[in-house]
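Peer 1: Take this structure first; my questions come after.
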There are 2 protein chains.
Amino acid sequence: MNKLRNLLRAVPARRGLLLLCCLVWSTARAEDIQSPNKQLTLSVVLQEGGVPTYSLTYKGKTVLKPGKLGLELKDAPSLTSGFAQTSAQRRSFDESWQPVWGEVKTIRNHYNELAVTLTQAQTNRTMLVRFRLYDDGLGFRYEFPRQPKLDYFVVKEEKTQFALNGDHKAFWLPGDYDTQEYSTVTSNLSEVRGRMKAAVTPNASQTTFSATGLQTPLMLKRSQDGLYINIHEAALIDYSAMHLELDDKNFVLESHLTPDAHGDKGLLQTPCLSPWRTVIVSDKAADILESKLVLNLNEPTKFKDTSWIKPVKYVGVWWEMITGKSTWSYTNQENIKLDSIDYRKVKPNGTHGANTAHVKAYIDFAAKHGLDAVLVEGWNTGWEDWFGKHKDYVFDFVTPYPDFDVQELQRYAQSKNVKIIMHHETSGSVRNYERHLDSAFQFMNKYGYTAVKTGYVGDIVPLGHHHYDQWVNNHYQYVLEKAAEHKIMVNGHEAVRPTGLARTYPNLIGNEAARGTEYEAFGGSNADHTTILPFTRLIGGPMDYTPGIFQTRISTFNPQNTSFVHSTLARQLALYVTMYSPLQMAADMIEHYNEHLDAFQFIEDVAVDWDDTDVLEAEPGDYITIARKAKGKSSWFVGSTCDEQGRTSTINLNFLDPGKKYVATIYADKKDAHYEKNPQAYQIRKVSVTSKSKLAQYCAPGGGYAISIVEAGR
Amino acid sequence: MNKLRNLLRAVPARRGLLLLCCLVWSTARAEDIQSPNKQLTLSVVLQEGGVPTYSLTYKGKTVLKPGKLGLELKDAPSLTSGFAQTSAQRRSFDESWQPVWGEVKTIRNHYNELAVTLTQAQTNRTMLVRFRLYDDGLGFRYEFPRQPKLDYFVVKEEKTQFALNGDHKAFWLPGDYDTQEYSTVTSNLSEVRGRMKAAVTPNASQTTFSATGLQTPLMLKRSQDGLYINIHEAALIDYSAMHLELDDKNFVLESHLTPDAHGDKGLLQTPCLSPWRTVIVSDKAADILESKLVLNLNEPTKFKDTSWIKPVKYVGVWWEMITGKSTWSYTNQENIKLDSIDYRKVKPNGTHGANTAHVKAYIDFAAKHGLDAVLVEGWNTGWEDWFGKHKDYVFDFVTPYPDFDVQELQRYAQSKNVKIIMHHETSGSVRNYERHLDSAFQFMNKYGYTAVKTGYVGDIVPLGHHHYDQWVNNHYQYVLEKAAEHKIMVNGHEAVRPTGLARTYPNLIGNEAARGTEYEAFGGSNADHTTILPFTRLIGGPMDYTPGIFQTRISTFNPQNTSFVHSTLARQLALYVTMYSPLQMAADMIEHYNEHLDAFQFIEDVAVDWDDTDVLEAEPGDYITIARKAKGKSSWFVGSTCDEQGRTSTINLNFLDPGKKYVATIYADKKDAHYEKNPQAYQIRKVSVTSKSKLAQYCAPGGGYAISIVEAGR
């Protein structure tokens, strides 16, 4: 035993505490581990027939009943039964790490681990399931060691169960291989089947697969005891994205992977790993929002130099196209071919947004208000005929329209210390994008672009592939890694939902992967939308939600568009705090900001990178109030968003440094404000506050408030 | 009328004679045109219901009965009926052009053209069928002009019929979406169905589709009058490759396109064109071999500088791996991953062919015998585990094995004025190849490689795609065009069959796309194989057949391999003439050549580019004898190949310049030679000849002869 102890001591923890314990049993048995705070207990049991199962309790209450583990393979025996447990390794781990950007300065990665090795005697194959139990939840993944009898294999389906303890309230989206841009439905799981049809609203590319198929992150709340459960995945690399198939009789959720064009759900070669399957658990909703479990389960970054990765606040030539006021395209020509159209010979339509003069006005505005960058969409040729045609060669990513002067804009932006954000819409044509990737990134390097917004609108080309299958996920990963080689930050729209990969690849500064502000121009989103997203989509990583719409009534500038933003103006400010992202757009047109510069002051002031975060109050679907401390500064920002009911938010400012005096500027809804009837009724007031202050602040229906809190005298 | 005449005079012919005649009818009617020599007559008739048909006669005899034209579309009405003819344009064209390399110095492109515009009133769509009638056959294609009601469309199936006039003898391969590497079956069309099963021999990737599906080029011979008919396609770009589905009751062949992973057979955007469908016709078999119709139907090259494109005679480190004597791989490691294997830590297997010393020996040999280049396969990492696993990241194309010294070999080859030919096996993983294409070609440019042999062994990755579908054809085209940007010549193996594209892209100096010499090491090919290939596969373009095997009994150097080459040694020499290619390998190992340097003299002497070609005698499946005049020289080379029966070839040397004296060196089978029993029994004799000489030369079973004819005193 002394020898073992010495051995254990000799194992160095990378940056933290590592305890390793390895025991080998000859027969199957139950394995338990507890979370560091002992509130969570995981139990792994090989059931009759060698079927591996796991269950989870929280404070003695069942979270997950025994759920099966394993995978079905194509043209090979399943890895779901016939297993014997050949070993169980335990270790504890505790380290703290600093994210390149984030909600907090330091993240603690503290877990107890159980790695169970399962061997299938009949096929002589081995699979390992590695569980990590945190205070905030569970992560586990499959590991397939290199072995003679399992080298290459094809996943027919992953059969991981999440066996809930009864019917739960769920905040859900229809499972879909191609889009996440649905409105969240709030219902009991037992009601999913009945509400599925209505939930599947039209999208540019969509492939639902079941009347009870759901997406992750799936947010659940248990009726009986108010327990919150969130199910997602972490570190989705070289694997297909997971959906959840609901058994609505037994309330068992089972993994359902995204198939590729050949119907396969994963082509794997040992040694290899599945993504982590994650279950965040707490009896406080705020804990779900503060969980760093998904990030912690991702690998530390291997980037040696991260100095080129910087959070970004930006305006853009974008909302005007989304709302139909101007156009991405330079002409109204139909059916064009990039290799034969000569734009000098085609009549301009006169509505092209991305023209040099207009972009300069945005650069001027950004410079004046201290914003970092200007996004410009529709700058490159091809937008006349880019969408829904499954066109292969749809964009070349390097040829500007005749009225967009790349060199002059580079000079101008540089002189104003503003960056222009590149836009690469791929129209889903992934091969075409890869073919042009090097030249596109070289173009960006040449002209001083440091960030790119990518887009994958419409079906993936070649047809048959899906936005979330392994082959296409590998494409996003390829783009991300290529971008890093060019020191380019990526904000991927319509790409697969994030799974915390930004820890490993911190140049992934944003994703869409949900219903963003753009839908407010396409009929609108529910007023409670932003009280849910942080519990669902944002669990995987930051979202480029594009808040900040001041003129919420689109018809005022485009009478053709009767959509309106389901939010008060004050709440639009709150989103800069509640919807965490290192990439924040001030999404409205600058003429609207110029009408409300007093309110715009909050956007000008608010940070995009943080030293600390405190979720003050939260209930999914009802309200979220968050305070965040600006990176390297003493100032705090608070944001609060509520649902269509309105409410009074009561918060305690005890997050402030004791003894210090602060000035709080409160941007709030007026009493008569209302997201639909009176969205622009806001008021701004300044008050002195300390850590002892309390605040009761009215939030209008679909409203909210934002506060900047600056140390007095600074 | 004067005005029209003036107009016609004003239309300039590009480099030849152009006559344009445009007439518009309001009702459908028959349209006829004749070939320039009037032996062929094409008739186009709109049958009842507006169904377009065409028929063809040769010297008054029916070649093709009325066959239907058109396409079925996906999710749109068919383009097969309901047409009215709205115009018919006629013109004549006659020009001569010089290929960058070829069988002759100058090619005459002389045809009469009929372009019929068909309009479908019900859908307001227009399709044009352009027919070009040559003295040697017919080409026609579909053209889809830019039009409001037909912008993007998906081809469900092309419905082009070739309505034969009864049962014909056919030289056929099973239709297959992924391979052409079958033995040719010689049978009547009525026997296809019964012989299909046996014809489908195993291949690394194969997808047959029908019991009566056939490949092109399809060579036919009509029993009743000995008419020869060859059906293929020309200028296959951005379209899927065509097969032929045989109706074996009516002897109608109908086009059958290759589907992609989504089941689609073509995603098209107007304006666009189908490839040409070609029908070569003659009562002389030699005319089929001399036809330039497929080349003529391709566009002239747009390359301004072609000085970097040069025919190549080469040896290679290749046959030793094919026969199992040495290995592509450097180790015997199984299940490797390129990004994690460290070859310095893995034990070499000691059988790696592509090692520096061995390659130097090949360079020495090439230099000594005046050959241009050395092909080296297995030089790059990954060959331990490259095949049949549908591996994505299978090769990187730039990392040599530790025992292959790229820089030293560049220096050494350069000092000997020899090129090394690059090898890029993709294992069918087309995305991986495209991702590495730029760096791979830059690597080639850096280290002085000017030609690449590409390979697509195994199923296309991503799975579901086929070697001959539109998406994958576009890949080959992309590689070809990228290669041209880097001044690199391409020799594509396992890629789609050529369709004369080398006229437009003369850096496509070779293709495999049939059963090459390698199959002689995999069980063997029929002894008549090379009497058929020039009538089938070679109609589309040159083949890298890799002739020149002197040691035809493989077991002499690898006892494990009992395959043998179904050819005498003398016939191996003949193939350098009969199997036209600007890229000719001396495929055997140099130790075998050193045992027969007297015979190797022919390979050393034979040209790879020609000023003239004269097919002296030919009968598909029986024999072919061809004389060719070396480019820019007075010397001629003759090759003759025969089937398993053996024969005496009687030829007339009247192709020689009258009045000149020549010395002919004849490399022939001895009387007791036999492809199986006595393959190396050859004799070499020199005789004086003139244009009045005749020669009766014995060819052993599976044998043949080769002659070099040099002007006396030179």
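Peer 1: Testing residue B:340 on (1) touching a residue at least 24 places away in the same chain (Cβ under 8 Å); (2) not in a helix (DSSP H, G or I), one condition comes back false. Which one is that?
Peer 2: Among (1) touching a residue at least 24 places away in the same chain (Cβ under 8 Å); (2) not in a helix (DSSP H, G or I), residue B:340 violates only (1).
Peer 1: Something else: When the residues of the range A:314-358 are filtered to those that are more than 14 Å from every other protein chain (Cβ to nearest Cβ) and of a type in the set (A, V, I, L, M), which remaining residue is most open to solvent (accessible area, probe 1.4 Å)?
Peer 2: A:357
Peer 1: Now a separate question. Which residue pairs have Cβ atoms closer than 8 Å, lie 6 or more positions apart in sequence or on different chains, and pair a first residue in the range A:421-435 that is within 14 Å of chain B (Cβ to nearest Cβ) and basic (Lys, Arg) with a second residue that is outside any strand (DSSP E or B) and open to solvent by less than 10 Å² (accessible area, probe 1.4 Å)?
Peer 2: Sorted first by the residue in the range A:421-435, then by its partner, the pairs are A:431/A:462.
Peer 1: Could we say that residue B:113 is open to solvent by 20 Å² or more (accessible area, probe 1.4 Å), farther than 30 Å from residue B:261 by Cβ and away from chain A (no Cβ under 14 Å) here?
Peer 2: Here the answer is no, as residue B:113 does not meet what is asked.
Peer 1: Taking the stated definitions as given, is residue A:601 closer than 30 Å to residue A:491 by Cβ, open to solvent by less than 20 Å² (accessible area, probe 1.4 Å) and either aliphatic (A, V, I, L, M) or in the same structural domain as residue A:544 (by TED's automatic domain parsing) (or both)?
Peer 2: Taking the combined requirement at face value, the residue does not satisfy it.
Peer 1: Name the residues in the range A:488-499 that are of a type outside the set (A, V, I, L, M), in contact with a Lys or Arg (Cβ under 9 Å, 6 or more places away or on another chain) and not in a strand (DSSP E or B), would you?
Peer 2: Within the range A:488-499, A:493, A:497, A:498 meet the criteria.
Peer 1: Among the numbered criteria (1) farther than 23 Å from residue B:217 by Cβ; (2) out of contact with any helix residue (DSSP H, G or I) (no Cβ under 6 Å at 6 or more places or on another chain); (3) crowded, with 24+ Cβ neighbours inside 10 Å, which single criterion is violated by residue B:258?
Peer 2: (1)
Peer 1: Need a quick list: strands (runs of 3 or more DSSP E) entirely within the range B:207-292 having at least 2 residues that are within 14 Å of chain A (Cβ to nearest Cβ).
Peer 2: In the range B:207-292, the matching strands (runs of 3 or more DSSP E) lie at B:267-269.
Peer 1: Of the residues B:125, B:132, only one is more than 18 Å from residue B:277 (Cβ to Cβ), of a type in the set (Lys, Arg) and surrounded by 18 or more Cβ atoms within 10 Å (Cβ to Cβ); which?
Peer 2: From the options B:125, B:132, the qualifying one is B:125.
Peer 1: Cβ-Cβ distance below 7 Å, separation of 6 or more or different chains: which pairs start in the range B:697-710 with a residue that is touching a residue at least 24 places away in the same chain (Cβ under 8 Å) and in a strand (DSSP E or B) and end on one that is among the charged types (D, E, K, R) and open to solvent by 10 Å² or more (accessible area, probe 1.4 Å)?
Peer 2: B:698/B:671; B:699/B:647; B:708/B:605
Peer 1: While we're looking at this one, here's another question. Which of the residues that make up the range B:91-103 are within 21 Å of residue B:610 (Cβ to Cβ) and buried (at least 18 other Cβ atoms within 10 Å of the Cβ)?
Peer 2: Scanning the range B:91-103 gives B:99, B:100, B:101, B:102, B:103.
Peer 1: Among the residues of the range A:437-454 satisfying the criterion of being in contact (Cβ under 8 Å) with a residue 24 or more places away in the chain and surrounded by fewer than 19 Cβ atoms within 10 Å (Cβ to Cβ), which is nearest to the other protein chains (Cβ to nearest Cβ)?
Peer 2: A:438
Peer 1: Six or more apart or on different chains, Cβ under 8 Å: which pairs go from a residue in the range A:391-415 that's open to solvent by 20 Å² or more (accessible area, probe 1.4 Å) to one that's of a type in the set (Asp, Glu)? Could you list them?
Peer 2: These pairs meet every condition: A:393/A:339.
Peer 1: Of the residues that sit in the range A:459-501 and are surrounded by 24 or more Cβ atoms within 10 Å (Cβ to Cβ) and of a type in the set (D, E, K, R), which one is farthest from the other protein chains (Cβ to nearest Cβ)?
Peer 2: Of everything passing the filter in the range A:459-501, A:497 is farthest from the other protein chains (Cβ to nearest Cβ).
Peer 1: Taking the options A:462, A:534, A:506, name whichever one is in contact with a His (Cβ under 8 Å, 6 or more places away or on another chain) and in contact (Cβ under 8 Å) with a residue 60 or more places away in the chain.
Peer 2: Just a single option satisfies the conditions, and that option is A:462.
Condition check ((1) farther than 25 Å from residue B:314 by Cβ; (2) out of contact with any strand residue (DSSP E or B) (no Cβ under 7 Å at 6 or more places or on another chain)) across all residues:
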site	(1), (2)
B:410	no, yes
B:417	no, yes
B:427	no, yes
B:438	yes, yes
B:452	no, no
B:459	yes, yes
B:463	yes, yes
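Peer 1: Filter the range B:142-169 for residues that are open to solvent by less than 30 Å² (accessible area, probe 1.4 Å) and touching a Pro at 6+ places or on another chain (Cβ under 7 Å); which is farthest from the other protein chains (Cβ to nearest Cβ)?
Peer 2: The extreme case among them is B:163.
Peer 1: Looking for whichever is in contact with a Gly (Cβ under 8 Å, 6 or more places away or on another chain), surrounded by fewer than 18 Cβ atoms within 10 Å (Cβ to Cβ) and not acidic (Asp, Glu) here; the options are B:210, B:240, B:291, B:307. Which one fits?
Peer 2: From the options B:210, B:240, B:291, B:307, the qualifying one is B:210.
Peer 1: Follow-up. Filter the range B:47-61 down to the residues that are at negative phi, of a type outside the set (Lys, Arg) and open to solvent by 50 Å² or more (accessible area, probe 1.4 Å) and list them by number.
Peer 2: B:47, B:48
Peer 1: Pick out the one residue from B:530, B:517, B:578, B:552 that is in contact with a helix residue (DSSP H, G or I) (Cβ under 9 Å, 6 or more places away or on another chain), within 26 Å of residue B:466 (Cβ to Cβ) and buried (at least 24 other Cβ atoms within 10 Å of the Cβ).
Peer 2: Sole residue among the options that is in contact with a helix residue (DSSP H, G or I) (Cβ under 9 Å, 6 or more places away or on another chain), within 26 Å of residue B:466 (Cβ to Cβ) and buried (at least 24 other Cβ atoms within 10 Å of the Cβ): B:517.
Peer 1: Still on this structure: Among the residues of the range B:152-166, is any acidic (Asp, Glu), assigned to a strand (DSSP E or B) and in contact with a strand residue (DSSP E or B) (Cβ under 7 Å, 6 or more places away or on another chain)?
Peer 2: Yes, the range B:152-166 contains at least one residue that is acidic (Asp, Glu), assigned to a strand (DSSP E or B) and in contact with a strand residue (DSSP E or B) (Cβ under 7 Å, 6 or more places away or on another chain).
Peer 1: Look at residue A:698 and say whether it is buried (at least 21 other Cβ atoms within 10 Å of the Cβ) and farther than 23 Å from residue A:287 by Cα.
Peer 2: Answer is no for this residue.
Peer 1: I'm told residue A:173 meets every condition in (1) more than 30 Å from residue A:87 (Cα to Cα); (2) open to solvent by less than 20 Å² (accessible area, probe 1.4 Å); (3) more than 14 Å from every other protein chain (Cβ to nearest Cβ) except one. Can you identify the failing condition by its number?
Peer 2: Answer for residue A:173: the failing condition is (2).
Peer 1: If you scan the range B:353-372, which residues turn out to be in contact with a strand residue (DSSP E or B) (Cβ under 6 Å, 6 or more places away or on another chain), farther than 19 Å from residue B:310 by Cβ and free of Cβ contacts under 8 Å to residues at least 60 places away in the same chain?
Peer 2: Within the range B:353-372, B:353, B:354 meet the criteria.
Peer 1: Answer yes if at least one residue in the range A:645-654 is under 26 Å from the mean Cα position of the chain (by Cα) and either modelled with pLDDT of 95 or more or surrounded by fewer than 20 Cβ atoms within 10 Å (Cβ to Cβ) (or both), and no otherwise.
Peer 2: Taking every residue of the range A:645-654 in turn, none turns out to be under 26 Å from the mean Cα position of the chain (by Cα) and either modelled with pLDDT of 95 or more or surrounded by fewer than 20 Cβ atoms within 10 Å (Cβ to Cβ) (or both).
Peer 1: Based on this model, can you work out whether residue B:374 counts as assigned to a strand (DSSP E or B), outside the structural domain of residue B:111 (by TED's automatic domain parsing) and farther than 30 Å from residue B:235 by Cβ?
Peer 2: yes
The values are calculated or read from the model by the stated rules, or taken from the named source; none is laboratory data. On a predicted model such as this, the values are computed, not experimentally measured, just so you know. Every residue, glycine among them, receives a Cβ derived from its backbone with ideal geometry; neighbour counts consider all protein chains shown. Calculation scope for accessible area: heavy atoms of the full protein, side chains included, ligands and nucleic acids excluded. Shrake-Rupley method; radii C 1.70, N 1.55, O 1.52, S 1.80 Å.
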